[in-house]
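Read the structure below first, then the notes.
The values are calculated or read from the model by the stated rules, or taken from the named source; none is laboratory data. Because the structure is a prediction, the values reported are computed rather than measured. Cβ coordinates were reconstructed from backbone atoms using ideal geometry, including for glycine residues, and neighbour counts include every protein chain displayed. What goes into the accessible areas is simple: the full protein's heavy atoms, side chains included, and nothing from ligands, DNA or RNA. Shrake-Rupley method; radii C 1.70, N 1.55, O 1.52, S 1.80 Å.
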Amino acid sequence: MLRAQVFLWAYILIFFPASVVAQGLGVNWGVIASHPLDPKIVVNILKDNGIKKVKLFHAEHDILTALSGTDIEVMVGIPNHSLESLSEKYSVAQAWVKANITAYMGKKGVNFKYVAVGNEPFLAAYNGTYNNLTLPAMKNILKALNEAGVGKDIKVSTPLNGDVYITPTYKPSDGIFRHDLADIMNGICEFLHKNDAGFIVNIYPFLNLYQNPGFPEPYAFFDNDDSNSMDDHGVKYRSVLDANIDTLVAALKVANFSDIPIIVGEVGWPTDGNIYATTKNAKKFYNGLLKRMATNEGTPLRPKQYPDVYMFSLLDEDLKSIDPGMFERHWGIFSFDGQPKFPMDLSGKGQNKSLVGGKNVKYMEKQWCVYNKDASNQKDLAVKIAWACNSTDCTTLVPGASCSGMGIDMNASVAFNMYYQMANQTKGACDFEGLAKIVKQDPSNGTCRFPIMIKTIQTTSNSNASAPKSSRSSTPSSSTSHSPFQTHSPSPSSSPFHSPLLIFQFCVGIFTIWFV
């Protein structure tokens, strides 16, 4: 009997994953960070938490190598700046597929499922730049995949923002594609239908709340009562996400492509940088989303199955542009070092359990850079802090963020420490003409955390001639929506650059208040 029990437990450990996730759940993995986590550690995070789908914004050698030999399904992206060359020259598409797909295939290769050509290329803010480039690029990539003998297994699509469709009456059932994109969307849908590919759409309930004063906060979440719902001819929508999905369903029906599968390519909730961006709200949003997915009941207009959903995102990225908002660097369900931010049950059963964090993460020394209040020259403090913020990440200082309202000492220390850590704890990075000093005791206080930076690995960039590295656009779109309940705003950006002027402006604003 004992032997039988041991065998049973061995069977369970071998054949059942460490964690069960809701059907169709995936995650976006972005790398716009000053100190990116070792891809091998990240892949182990995915495996330890049972996440079997991942979406990448571009093909990167070290990441694809780390994913090789796993059963994780991979959607790999191609940045917008590559669309012109891909659309004009088939040879460029051939080179891209050879360098980024077939080079990583084989018995122990990458489990590619999708190539995402471009990213939100039809945003109104682009003024049509990519309108006539996206579909030709998709066709050339598919042709190259077919030529390589993998076109049946690897689908081709393009992630689109919710601003490609509108609803003139506020009701999801009246959804249509934007008039200026009607012909283009028909072409895209015909391509997807012909090749059994999904329509990928990025939806952000958080941005509904952030960008629209008066938006009913409960409607950004789930399980609301009738007072916070949308009535569509007797059908009650209790979350803007479901209403948004069904607006797309209606638009597809009008275009005579009702059977195209829908994939939510990005959806999530940030945890800092704004009054609504908190771990409490993020936990609430994800709990509702995961429970919704676990029921697999679908939406009112597609009741049989809920779409596949890729959470945005896996990790915080401290070099993302903050042009769309100070929350941009805080979308991760894990912090930059791969540690979980809050309990999350990926199965959708609502259990209050922690995710499995990154293992064997190597940190720099346990030391921090803080404000030296005993320094003799205090008159330049505001200028020094603003300078530090121009070169680092001070998004936790803005009103409503985790380090806001704690006084000049704490805020100065936040700015100095972030600069010091991102500069790899170089001794000269903690000086500021005597206004800063190094301490060995963690100065974290309440919600305001003082991170220690991780040690980075030496990466091997895949420097092929096919597509330079990039990520999502940061250009804000001009909304064409007629409804306050639809997401027609740009999704969070991953552009690899700072916005010094914007940072300087908010820092100077804060410090001016302090010194008045």
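Quick notes on this structure:
- Contact map, region 394-409: residues that are free of Cβ contacts under 8 Å to residues at least 24 places away in the same chain and within 17 Å of residue 327 (Cβ to Cβ) paired with residues that are in a helix (DSSP H, G or I) and of a type in the set (Ser, Thr, Tyr), Cβ distance under 7 Å, separation 6+ or inter-chain. No pairs are found.
- Residue match in region 142-153 (condition: open to solvent by less than 20 Å² (accessible area, probe 1.4 Å), touching an Asp or Glu at 6+ places or on another chain (Cβ under 8 Å) and on the phi < 0 side of the Ramachandran plot): no
- Qualifying residue in region 357-380 (condition: in a helix (DSSP H, G or I), at pLDDT 95 or above and open to solvent by less than 50 Å² (accessible area, probe 1.4 Å)): no
- Filter result for residue 240 (closer than 24 Å to residue 114 by Cα, crowded, with 23+ Cβ neighbours inside 10 Å and not polar (S, T, N, Q)): no
- Considering region 404-435, the residues that are of a type in the set (S, T, N, Q) and open to solvent by less than 30 Å² (accessible area, probe 1.4 Å) include one that is farthest from residue 369 (Cα to Cα), namely 411.
- Among the residues of region 248-266, those that are open to solvent by less than 10 Å² (accessible area, probe 1.4 Å) and in contact with a strand residue (DSSP E or B) (Cβ under 6 Å, 6 or more places away or on another chain) comprise 248, 251, 260, 264, 265, 266.
- Given (1) over 21 Å from residue 224 (Cβ atoms); (2) hydrophobic (A, V, I, L, M, F, W, C); (3) over 15 Å from the mean Cα position of the chain (by Cα), number of the condition residue 275 does not satisfy: (1)
- Listing of helices (runs of 4 or more DSSP H) fully contained in region 15-133 that carry 3 or more residues being more than 25 Å from residue 161 (Cβ to Cβ): 39-48, 61-67, 90-100
- Subset of region 69-109 (residues that are farther than 29 Å from residue 25 by Cα and either touching a strand residue (DSSP E or B) at 6+ places or on another chain (Cβ under 8 Å) or open to solvent by 20 Å² or more (accessible area, probe 1.4 Å) (or both)): 84, 85, 86, 87, 88, 89, 90, 91, 92, 94, 95
- Every condition in (1) of a type outside the set (S, T, N, Q); (2) at pLDDT below 95; (3) buried (at least 21 other Cβ atoms within 10 Å of the Cβ) is met by residue 31 except one, and the failing one is (2).
- Residue list for region 399-454, filter: among the basic types (Lys, Arg) and modelled with pLDDT of 95 or more: 437, 440, 449
- Test for residue 310: is it touching a Lys or Arg at 6+ places or on another chain (Cβ under 7 Å), assigned to a strand (DSSP E or B) and not acidic (Asp, Glu): yes
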